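First up is the structure itself, then whatever we jot down about it.
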Amino acid sequence: MATVTAVRIRIPAPLRPLTGGQGEVTSDPGSLKDVIAALDVAYPGLKDRILEPEGRVREFVNIFVNEEDVRFLQGPETELRAGDRVSILPAVAGG
Amino acid sequence: MSYLQGLRCQRCGHTLAPAPVHICPECLGPLELVYDYTAMKATLSRDAVEAGPPSMWRYRSLLPVGDAPVVDLGTGLTPLLRADNLAKALGLRNVYIKNDAVNPTSSFKDRPVGVAATVARSFGLDTLACASTGNLAASVAAHAARAGMRSVIFIPEDLEQAKIIGTAVFGTKLIAVKGNYDAVNRLCAEAVDAYGWAFVNINLRPFYGEGSKTLAYETAEQLGWRAPDHVVAPIAGGSVLTRITAGFEELQRLGWIPETKVRVSGAQAAGCNPVARAFQAGADRVQPVRPNTIAKSLAIGDPADGGLALNAIRRTGGSCGDATDPEIVEGMRLLAETEGVFTETAGGVTVAVAKKLAQSGVLRPDETVVIYITGNGLKTLEALGASCGPSATIAPRLEEIDRVLGSAAA
């Protein structure tokens, strides 16, 4: 079995125009904010849609790491390890 | 005809034609509906409403359904009960109960779902879906059955039995998810991209929410075309409170009711109080919590419209309080014993918080107060458990009555 070395990031439909239509992309491990910065190099514009200029997660975006809301973890400082699954979702749903 | 012009992002103002979408493609902000109020004001009237059917559909011209045949179970125009006994118990003078526990599936959810099911059919979608804490589940399943549509419903696995049975009976695909509502909601927010379904509270959310405005329309009409001074509504996702607020403002804009200020206060369970906490802390953003409360229908730790609800409360001079589990049960019993209305735990929350707001002087004796009761007590019998049972068990002999009632028999 191949060793898992990457973090997998799920991209919601409204952001897929920025990822060439891909619903999932991968990145090397690191802090969430570093992973997002790396993704922004590969997919320009992605970071601005997810984070505010000062680095806080945008009000209408939720980010989950292995199904846990990062607001219950360390927010943008949350460390992502190989094999972690990140899901980026528009916040306004449900209720 | 429809007065709906399109969708607009509440954050960046980007506009779109009507479509089953809830998120701005530019900034991911929430979308809202835009209506032509000038045309509405010129062509619609209170008289036409009063001549309409005895249901929420008497307001169909104000709803985003156009001329489509509506998916209707006979929802709405529920009783607005003057509640003098409850008022006395709360130390207030003018209290009304809007009893939405008596809708077709026993909660207010039939209002937003009636609109969402109708709109889904207009968009050519054949499957209704939702993430639900129980009340929405039953309503979506019932409306899908009525409309001849398929339904797929996701709930947390620990819901009350009446909510599970009361949903499954409609022949839906009911999927119990191992996790709380926020986990169910996250799963469904991912599923909406993968399946072409009408998730009523996700991709149809801008339309769905509009149905709850009829709670305000009916209240105003039942009060003789005027708004109350103060309303108290429960907060789960925050949609019903914001739409009640918007409903009164809309009627004022149409000139159908006087332009008086309506204070809007919110009620949450202490075990799931993200909006109450943000209100009391003076915070600008609502932070999520992990829910732990018997009020399962309000157990949304990350409310989608929490920020909007917070703004509505602050803007109108209302307040936001919370109630512990024992206070919730006490609230259910207070309403039942004073007014003969049996509400579920969510209504217990609303009554208990109204009591606290009256004690602290936020609800004032000179105000006309409307308390929104959004769900039926038969759905959450577990919350009362052994505290409600026979006063005595007797043999079928006359003297036995005297024995157990004593002097009270006279």
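The values are calculated or read from the model by the stated rules, or taken from the named source; none is laboratory data. Every value quoted in this text rests on a predicted model; they were computed, and no experiment measured them. We place every Cβ from the backbone using ideal geometry, glycine too, and count neighbours over all the protein chains shown.
Filtering segment A:20-49 down to residues that are within 14 Å of chain B (Cβ to nearest Cβ) and surrounded by fewer than 17 Cβ atoms within 10 Å (Cβ to Cβ), which residue is farthest from A:LEU73 (Cα to Cα)?
Among residues in segment A:20-49 that are within 14 Å of chain B (Cβ to nearest Cβ) and surrounded by fewer than 17 Cβ atoms within 10 Å (Cβ to Cβ), the one farthest from A:LEU73 (Cα to Cα) is A:GLY21.
I'd like the residue in segment B:28-48 that is small (Gly, Ala, Ser) and away from every other protein chain (no Cβ under 14 Å) and, out of all such residues, is farthest from B:LEU308 (Cα to Cα).
B:ALA48
Go through segment B:168-223 and tell me which helices (runs of 4 or more DSSP H), entirely inside it, have 2 or more residues that are among the polar types (S, T, N, Q) and in contact (Cβ under 8 Å) with a residue 40 or more places away in the chain. Quick ask: steps written out before the conclusion?
Values: elements: B:181-194, B:205-208, B:214-222.
The helices (runs of 4 or more DSSP H) meeting that bar are B:214-222.
From the set of residues in segment A:60-70 that are within 11 Å of chain B (Cβ to nearest Cβ) and surrounded by fewer than 17 Cβ atoms within 10 Å (Cβ to Cβ), which is nearest to B:ARG186 (Cα to Cα)?
Here the answer is A:GLU67.
Going residue by residue through segment B:36-46, is there one that turns out to be at pLDDT below 95 and either out of contact with any strand residue (DSSP E or B) (no Cβ under 9 Å at 6 or more places or on another chain) or over 26 Å from B:ARG226 (Cβ atoms) (or both)?
Checked against the condition, which is being at pLDDT below 95 and either out of contact with any strand residue (DSSP E or B) (no Cβ under 9 Å at 6 or more places or on another chain) or over 26 Å from B:ARG226 (Cβ atoms) (or both), segment B:36-46 yields no hits at all.
Could you look through segment A:1-15, keep only residues that are surrounded by 14 or more Cβ atoms within 10 Å (Cβ to Cβ) and not aliphatic (A, V, I, L, M), and pick out the one that is farthest from the other protein chains (Cβ to nearest Cβ)? Show your work before the answer.
Step one: of segment A:1-15, the residues surrounded by 14 or more Cβ atoms within 10 Å (Cβ to Cβ) are A:6-15.
Checking the rest, the ones that are also not aliphatic (A, V, I, L, M) come to A:8, A:10, A:12, A:14.
Working: A:ARG8: 13, A:ARG10: 7, A:PRO12: 6, A:PRO14: 5 Å.
Within segment A:1-15, the match that is farthest from the other protein chains (Cβ to nearest Cβ) is A:ARG8.
If you scan segment B:133-155, which residues turn out to be buried (at least 22 other Cβ atoms within 10 Å of the Cβ) and either in contact (Cβ under 8 Å) with a residue 60 or more places away in the chain or in a helix (DSSP H, G or I) (or both)?
Within segment B:133-155, B:THR133, B:GLY134, B:ASN135, B:LEU136, B:ALA137, B:ALA138, B:SER139, B:VAL140, B:ALA141, B:ALA142, B:HIS143, B:ALA144 meet the criteria.
Taking B:ALA48 as meeting all but one of (1) surrounded by 20 or more Cβ atoms within 10 Å (Cβ to Cβ); (2) in a helix (DSSP H, G or I), write down the number of the exception.
(1)
Applying the selection to segment B:292-302, what residues are in a helix (DSSP H, G or I) and more than 13 Å from every other protein chain (Cβ to nearest Cβ)? Write out each step before concluding.
At the first step, the residues of segment B:292-302 found to be in a helix (DSSP H, G or I) are B:296-298.
Selection gives B:LYS296 alone.
Checking B:LEU187 against (1) in contact with a strand residue (DSSP E or B) (Cβ under 7 Å, 6 or more places away or on another chain); (2) within 14 Å of chain A (Cβ to nearest Cβ); (3) buried (at least 24 other Cβ atoms within 10 Å of the Cβ), which single condition isn't satisfied?
With respect to (1) in contact with a strand residue (DSSP E or B) (Cβ under 7 Å, 6 or more places away or on another chain); (2) within 14 Å of chain A (Cβ to nearest Cβ); (3) buried (at least 24 other Cβ atoms within 10 Å of the Cβ), B:LEU187 is out only on (3).
Among the numbered criteria (1) of a type outside the set (A, V, I, L, M, F, W, C); (2) away from chain B (no Cβ under 14 Å); (3) within 27 Å of B:VAL289 (Cβ to Cβ), which single criterion is violated by A:ARG56?
A:ARG56 satisfies all of (1) of a type outside the set (A, V, I, L, M, F, W, C); (2) away from chain B (no Cβ under 14 Å); (3) within 27 Å of B:VAL289 (Cβ to Cβ) except (2).
Residues are listed down the side, and each one gets a yes or a no for (1) in a helix (DSSP H, G or I); (2) touching a residue at least 24 places away in the same chain (Cβ under 8 Å); (3) within 14 Å of chain A (Cβ to nearest Cβ):
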| position | (1), (2), (3) |
| --- | --- |
| B:ILE257 | no, yes, no |
| B:THR260 | no, yes, no |
| B:ARG290 | no, yes, yes |
| B:ALA304 | no, yes, yes |
| B:LEU310 | yes, yes, yes |
| B:GLY321 | no, yes, no |
| B:LEU334 | yes, yes, no |
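Within segment B:190-229, how many residues turn out to be of a type in the set (Phe, Trp, Tyr), within 12 Å of another protein chain (Cβ to nearest Cβ) and over 20 Å from B:THR133 (Cβ atoms)?
In the first step, residues of segment B:190-229 are kept if they are of a type in the set (Phe, Trp, Tyr); the result is B:195, B:197, B:199, B:207-208, B:217, B:225.
Restricting the remaining residues to those that are within 12 Å of another protein chain (Cβ to nearest Cβ) gives B:195, B:199, B:208.
Restricting the remaining residues to those that are over 20 Å from B:THR133 (Cβ atoms) gives B:195.
Counting residues in segment B:190-229 that are of a type in the set (Phe, Trp, Tyr), within 12 Å of another protein chain (Cβ to nearest Cβ) and over 20 Å from B:THR133 (Cβ atoms) gives 1.
Hey, could you check segment B:56-86 for residues that are crowded, with 23+ Cβ neighbours inside 10 Å and among the small types (Gly, Ala, Ser) and say which is farthest from B:ARG121 (Cα to Cα)?
Ranking the qualifying residues of segment B:56-86, first place goes to B:ALA83.
Quick one: in segment B:25-39, which of the residues that are of a type outside the set (Val, Ile, Thr) and outside any strand (DSSP E or B) is surrounded by the most Cβ atoms within 10 Å (Cβ to Cβ)?
Among those residues, the one meeting the criterion is B:LEU28.
Kindly indicate which of B:GLN280, B:GLN268 is in contact with a strand residue (DSSP E or B) (Cβ under 8 Å, 6 or more places away or on another chain), surrounded by fewer than 21 Cβ atoms within 10 Å (Cβ to Cβ) and not in a loop (DSSP other than H, G, I, E, B).
B:GLN280
Does B:ALA89 satisfy the criteria of being touching a residue at least 24 places away in the same chain (Cβ under 8 Å), buried (at least 20 other Cβ atoms within 10 Å of the Cβ) and of a type outside the set (D, E, K, R)?
Answer is no for this residue.
Kindly indicate the residue of segment B:15-24 that is part of a loop (DSSP other than H, G, I, E, B) and surrounded by fewer than 15 Cβ atoms within 10 Å (Cβ to Cβ) and also farthest from the other protein chains (Cβ to nearest Cβ) among those meeting that condition. Show your work before the answer.
Step one: filter segment B:15-24 for residues part of a loop (DSSP other than H, G, I, E, B), giving B:17-22, B:24.
Filter again for surrounded by fewer than 15 Cβ atoms within 10 Å (Cβ to Cβ), leaving B:17, B:19.
Values: B:ALA17: 16, B:ALA19: 13 Å.
Filtering first and then ranking leaves B:ALA17.
Those residues that are surrounded by fewer than 16 Cβ atoms within 10 Å (Cβ to Cβ) and within 14 Å of chain B (Cβ to nearest Cβ), I need them from segment A:76-95; list them, please. Talk me through it step by step, then tell me what you get.
Step one: list which residues in segment A:76-95 are surrounded by fewer than 16 Cβ atoms within 10 Å (Cβ to Cβ), which gives A:77, A:79, A:81-83, A:85.
Passing the criteria: only A:ARG85.
What about B:ALA233, is it modelled with pLDDT of 95 or more and surrounded by fewer than 24 Cβ atoms within 10 Å (Cβ to Cβ)? Talk me through it step by step, then tell me what you get.
Working: modelled with pLDDT of 95 or more: yes; surrounded by fewer than 24 Cβ atoms within 10 Å (Cβ to Cβ): no.
No, not satisfied.
Quick one: in segment B:175-184, which of the residues that are more than 7 Å from every other protein chain (Cβ to nearest Cβ) and over 17 Å from B:LEU128 (Cβ atoms) is surrounded by the most Cβ atoms within 10 Å (Cβ to Cβ)?
For segment B:175-184, the residue satisfying everything is B:TYR181.
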